[in-house]
Amino acid sequence: MMQVPNVHDAESIPPAALEALQELMQSGDLFRYNSEDAPVSLLEQEFAELLGAKYALAVSSCSAALFLSLKALELPRDARVLIPGFTFAAVPSSIVHADCIPVLCEVGENYRIDMADFEAKLDGVQAVIISHMRGHTSDMDAIMSLCDAREIPVIEDAAHSLGTTWNGRNIGTIGKIGCFSFQSYKMINSGEGGILISDDADLVARAVIMSGAYEHTWKKHKGPRGDNSAELEQAFARWQNQLPLYNLRMSNLGAVVIRPQIPELARRVRDGLSNHDYVADRLNSSTPHIRVPDPLGPERRAPDSIQFNLVDMDEAETRAFADAAAARGVKVQVFGLSADNARAFWNWQFLPEQYDLPQTRAMLMKACDVRLPVRLTREELDVITDILLAAVTDVKARAAA
Ligand SMILES: *Cc1c(COP(=O)(O)O)cnc(C)c1O
């Protein structure tokens with residue numbers, strides 16, 4: 001029998017990164033503002049072009065990008081910011097960091113925002129962060145029309161959604177700002193790193209300055225290629241010396257690791273999606289006890305993991321399922337059952353206001369998470385799928401006995 005594939009190792013970084021790194025070591029120019037056309041500046045231009053945004057700002061993490069987005073929106077202290085109840089703890093944390101108050105709304109069985117609860121909680125909030133959790137895209141058409149009607153700015157937390165599209169549009173370009181992560185578990189990996197994109201020159205100028213563009217270092221930020229950047233320069237002039245500097249910059253070290261991965265993205269997205277859909281089809285058609293929710297119609301995903309719900313299994317059986325899969329070599333994380341899970345909202349005890357979200361809680365108690373790196377082969381995917389199905393049989397055979 002084939003060995004259980006390793007799902008924890010990242011894909012190796014393209015060799016071009018090593019060459020760029022050697023050049024960088026030679027020059028010693030690790031700081032983004034030391035030179036013209038520094039790797040961080042080139043990354044910003046390439047990333048903006050890739051996604052079809054006017055501006056990009058590379059920073060130290062997606063959390064930093066979310067924090068700067070809230071600051072750049074000029075939200076007052078204690079402004080209320082609506083987020084889904086299913087996201088990573090970094091998201092409410094960035095809101096607390098920005099002196100604002102997270103408001104949580106319910107999420108459905110399909111991991112996407114419950115639009116009725118979203119709408120009910122929208123009045124009274126001053127901004128919205130849509131977390132496309134694990135790449136699952138909520139109904140962006142409905143969200144944008146509700147928010148636009150109230151002139152509430154939308155930040156997209158696309159940390160884990162690089163390469164996902166909605167009606168053919170890149171996720172991260174639909175709201176006013178899009179934030180992405182280059183942390184190792186995301187589609188592009190530099191260990192740590194993040195980037196924000198926007199078409200709003202004034203907002204970007206504020207974010208750039210607050211990210212740590214002191215004195216006139218902002219002059220190294222250019223507009224879209226071929227643009228004379230007049231709009232951006234005027235915005236910088238308006239904000240010079242008006243804003244605190246939080247120093248959340250990206251170093252050139254990160255950028256040289258990220259840039260050679262950009263040409264790999266299309267392949268990673270294609271393979272990730274076909275791997276995911278292959279496993280999803282097998283699971284959905286092989287047992288009534290596992291259900292992989294369908295994407296919404298306009299969504300084309302870019303997954304590097306799979307989430308599914310256990311059906312007709314109580315909490316003891318759910319635990320037994322995860323144990324049986326683990327015994328056979330596949331780690332299944334049930335979001336709501338693993339101790340201190342950072343994606344379970346009841347563990348965000350640092351929030352100024354606590355929430356009881358029964359629907360989201362019920363989902364988290366039966367939603368399973370399995371890593372599915374895009375590099376896996378069909379044979380390796382079959383090994384993982386067979387183990388998941390065998391774990392169901394283990395549990396259900398025991399129940400029948
Ligand atoms: C990873 C992740 C983040 C945080 O990204 P960092 O770069 O580690 O700060 C935020 N939101 C979601 C949905 C994520 O998956």
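What follows is calculated from the coordinates using simple rules that are stated; it is not laboratory data. If you're wondering where the values come from, they're calculated on a predicted model, not measured in any experiment. All Cβ positions, even for glycine, are placed from backbone atoms using ideal geometry, and neighbour counts span all protein chains on display.
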Packing-based exposure ordering (other Cβ within 10 Å, fewest first) of Met25, Met187: Met25, Met187
Does anyone have the angle between helix 230-239 and the longest principal axis of the chain? Alpha-carbon axes, 0 to 90°, nearest 10? 90 degrees
Comparing Ala16, Ala53, Ala149 in a Gaussian network model of the chain (Cα, 10 Å), the one with the largest mean-square fluctuation is Ala149
Does a label point 7 Å from the Cα of Glu11, set along Cα-to-beta-carbon, have any residues of segment 241-273 with amide nitrogen under 14 Å, and which are they? 258-273
Work from the charge dipole of the chain (Cβ charges, +1 for Lys and Arg, -1 for Asp and Glu, about the Cα centre) and give the residue of Ser12, Val40, Val208 farthest towards its positive end. Ser12
For segment 1-158, what class follows from the C-alpha gyration tensor (a ≥ b ≥ c being the square roots of its eigenvalues): rounded when a/c is under 1.5, otherwise prolate if a/b is larger than b/c, else oblate? oblate
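Between rounded, prolate and oblate, where does segment 1-94 land on the alpha carbon gyration tensor, with a ≥ b ≥ c its root eigenvalues, rounded for a/c under 1.5, else prolate if a/b exceeds b/c? All intermediate terms of the calculation are to be shown ahead of the outcome.
Numbers: a/c = 2.42, a/b = 1.17, b/c = 2.07.
The shape class here is oblate.
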Evaluate the distance, in nm, between pseudo-label points positioned 7 Å from the Cα of Leu265 and of Tyr214 along their respective Cα→Cβ axes. 3.2 nm
Three principal axis lengths of the chain [C-alpha, angstrom, descending]: 75, 51, 35
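Mean separation of Cα pairs under 8 Å and 6+ residues apart, divided by the residue count of segment 35-193: what relative contact order is that in percent?
Values: 274 pairs, mean separation 32.0, N = 159.
Here the relative contact order equals 20 percent.
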Largest to smallest principal axis extent of the C-alpha atoms in segment 39-127, angstrom: 43, 33, 22
Backbone N within segment 179-194 under 20 Å of label point (7 Å from Met25 Cα along the Cβ vector): 190-192
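Mind putting a number on the dipole of segment 189-254 about its Cα centre? Charges go on the C-beta only, +1 for Lys and Arg and -1 for Asp and Glu, and I need it in Debye to the nearest 20. Walk me through the intermediate numbers first.
Numbers: 7 positive and 8 negative charges, 42 e Å.
Dipole magnitude for segment 189-254 comes out near 200 debye.
What number, in nm² with one decimal, is the all-direction average of the projected area of the convex hull of the alpha-carbon atoms of segment 208-272?
On the way: hull surface 24.9 nm².
For segment 208-272, averaging the hull's shadow over all directions gives 6.2 nm².
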How far apart, in nm, are the 7 Å Cα→Cβ label points at Met144 and Arg238? 2.3 nm
Tilt relative to the chain, helix 378-400 - C-alpha long axis, 0 to 90 degrees, to 10: 50 degrees
Could you state the angle between the C-alpha long axis of helix 140-150 and the longest principal axis of the C-alpha atoms of the chain, as a value from 0 to 90 degrees rounded to the nearest 10? 50 degrees
Shape call, segment 271-401: gyration tensor on alpha carbons, a/c limit 1.5: oblate
Residues of segment 304-324 with backbone nitrogen within less than 12 Å of a virtual label 7 Å along the Cα-to-Cβ line of Ala390, please, listed as ranges. 324
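Can you give the helix-only mean residue ellipticity at 222 nm for the chain, where every DSSP H stretch with n ≥ 4 adds -39500 (n - 2.57) and the sum goes over all residues, rounded to the nearest 500 deg cm²/dmol?
Numbers: 13 runs with 155 residues, N = 401.
Result for the chain, helices only: -12000 deg cm²/dmol.
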One finds the C-alpha centres of segment 69-127 and segment 327-401 to be spaced, in Å, by 24 Å
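Return the equivalent ellipsoid semi-axes of segment 115-270 as a descending list in whole Å, where each equals the square root of 5 times an eigenvalue of the C-alpha gyration tensor.
Numbers: eigenvalues 141, 105, 40 Å².
Here the semi-axes work out to 27, 23, 14 Å.
At a Förster distance of 30 Å, what's the computed FRET efficiency of Ser35 paired with Ser184, Cβ-Cβ distance as r, to 0.05?
So, using R0 = 30 Å, E works out to roughly 0.65.
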Taking only Cα atoms and a 10 Å spring cutoff, compute GNM fluctuations for the chain and point out the largest among Ile171, Ile130, Ile143. Ile143
Take the Cα atoms of segment 339-384, find their three principal axes, and give me the spread along each one in whole Å, biggest first. 47, 20, 16
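Beyond a 23 Å Cα-Cα separation, which of these cross-linked pairs lie in this structure: Lys54/Lys121; Lys54/Lys219; Lys186/Lys219; Lys54/Lys220?
Numbers: Lys54/Lys121 31 Å; Lys54/Lys219 16 Å; Lys186/Lys219 31 Å; Lys54/Lys220 16 Å.
In this structure, Lys54/Lys121; Lys186/Lys219 exceed 23 Å between Cα atoms.
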With Cα springs under 10 Å, the Gaussian network model of the chain assigns the largest mean-square fluctuation among Glu379, Glu231, Glu49 to Glu379
